[in-house]
Amino acid sequence: MPASLQDLKIAVIYHSNYGHTKRVAEAIAEGVERQRVAVKILDIHQMDWEFADAAQMIVFGSAVYMGSVTADFKAFMDSTSQRWFHRNWQGKWAAGFANSGGLSGDKLSVLQQICLFAMQHGMNWAGFPIMPTGHSSNDINRLSSFIGLMTQSIDAPPEQTPCRGDIQTAEKFGEHLAELLIAQPPKTYPSKLHPS
Ligand SMILES: Cc1cc2nc3c(=O)[nH]c(=O)nc-3n(C[C@H](O)[C@H](O)[C@H](O)COP(=O)(O)O)c2cc1C
């Protein structure tokens, strides 16, 4: 169990081909930092496994490809099978985010995939309880998602899209997750629950 606030760590693990999902990961991390919790953004192709294993919360994010996590993100998921077997991530908090081109884009399917992945690891799912303020590009949680964070980008550079509301929503998501971790650090982490 973490001794103090200084020991708390959140890993934000993502896959992004064109930078939009990365931009969302950065906004989540910015929100986490506002609560003075240590955070690292980890591209799946440049993993810091030591940090991910030490973190008490892991936030997973993927761009949406064909209504699914990307093939690269799925490869990352599969690469954790030894950690699944040894229950290394059991008892940690998990949360998810998905970015797509379409307004819906079937992001729900991606968040459900990520949630199921976290359940396989025995993690505890943290949803997204922040109420929508409306549905315009300046609104918070404009896509009205509660299982995790949804953002949408158009075909323009990541500095311009996702919209301001989505980026602010991502920051609030990060703040919320850090507050949750501070209030409820996982007490059983890292528990081993192989039946003997
Ligand atoms: C092969 C491929 C499949 C895609 N499938 C979907 C999809 O099912 N739904 C959707 O809304 N957008 C889809 N898109 C658009 C991507 O979701 C969008 O470009 C991506 O989220 C941008 O994120 P990135 O900059 O982090 O890569 C697809 C894009 C590609 C290249």
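I'd like to verify a number: residues in the range 87-118 that are within 19 Å of ALA27 (Cα to Cα) and basic (Lys, Arg), how many?
Adding up the residues that qualify gives 1.
Which one of SER79, SER136 is surrounded by fewer than 19 Cβ atoms within 10 Å (Cβ to Cβ) and in contact with a Lys or Arg (Cβ under 9 Å, 6 or more places away or on another chain)?
SER136
Across the range 160-184, what is the total count of residues that are over 16 Å from ILE147 (Cα atoms) and out of contact with any Gly (no Cβ under 8 Å at 6 or more places or on another chain)?
13
Go through the range 1-25 residue by residue and tally those that are among the charged types (D, E, K, R) and within 17 Å of MET47 (Cβ to Cβ).
So the answer is 2.
Need pairs with beta-carbon distance below 7 Å; first residue farther than 20 Å from ASP106 by Cα and within the range 64-85, second within 16 Å of the ligand (Cβ to nearest atom); sequence gap 6+ or separate chains.
PHE76/HIS15; PHE76/ILE44
Can you tell me which residue among ALA54, ALA94 is surrounded by fewer than 21 Cβ atoms within 10 Å (Cβ to Cβ), small (Gly, Ala, Ser) and away from the ligand (no atom under 15 Å from the Cβ)?
ALA54
In the range 40-51, what residues are away from the ligand (no atom under 16 Å from the Cβ) and hydrophobic (A, V, I, L, M, F, W, C)? Spell out how you get there, then give the answer.
Narrowing the range 40-51 to residues away from the ligand (no atom under 16 Å from the Cβ): 40, 47-51.
Matches in the range 40-51: MET47, TRP49, PHE51.
Which of the residues belonging to the range 1-17 are modelled with pLDDT of 95 or more and surrounded by 14 or more Cβ atoms within 10 Å (Cβ to Cβ)?
LEU8, LYS9, ILE10, ALA11, VAL12, ILE13, TYR14, HIS15, SER16
Just checking, which of VAL32, VAL24, VAL12, VAL37 is within 13 Å of the ligand (Cβ to nearest atom), of a type in the set (Val, Ile, Thr) and touching a Leu at 6+ places or on another chain (Cβ under 9 Å)?
Only one candidate passes the filter, namely VAL24.
Out of all the residues in the range 146-191, which are more than 16 Å from the ligand (Cβ to nearest atom) and polar (S, T, N, Q)?
Matches in the range 146-191: GLN168, GLN184, THR188, SER191.
Please work out which residue is farthest from the ligand (Cβ to nearest atom), limiting yourself to the range 119-136 and to residues that are out of contact with any Phe, Trp or Tyr (no Cβ under 6 Å at 6 or more places or on another chain), in contact (Cβ under 8 Å) with a residue 40 or more places away in the chain and on the phi < 0 side of the Ramachandran plot.
The qualifying residue farthest from the ligand (Cβ to nearest atom) is PRO129.
The values are calculated or read from the model by the stated rules, or taken from the named source; none is laboratory data. Here the structure is a predicted model, which means the values were calculated and not measured. Ideal geometry is used to build each Cβ from the backbone, glycine not excepted, and the neighbour counts take in all protein chains shown.
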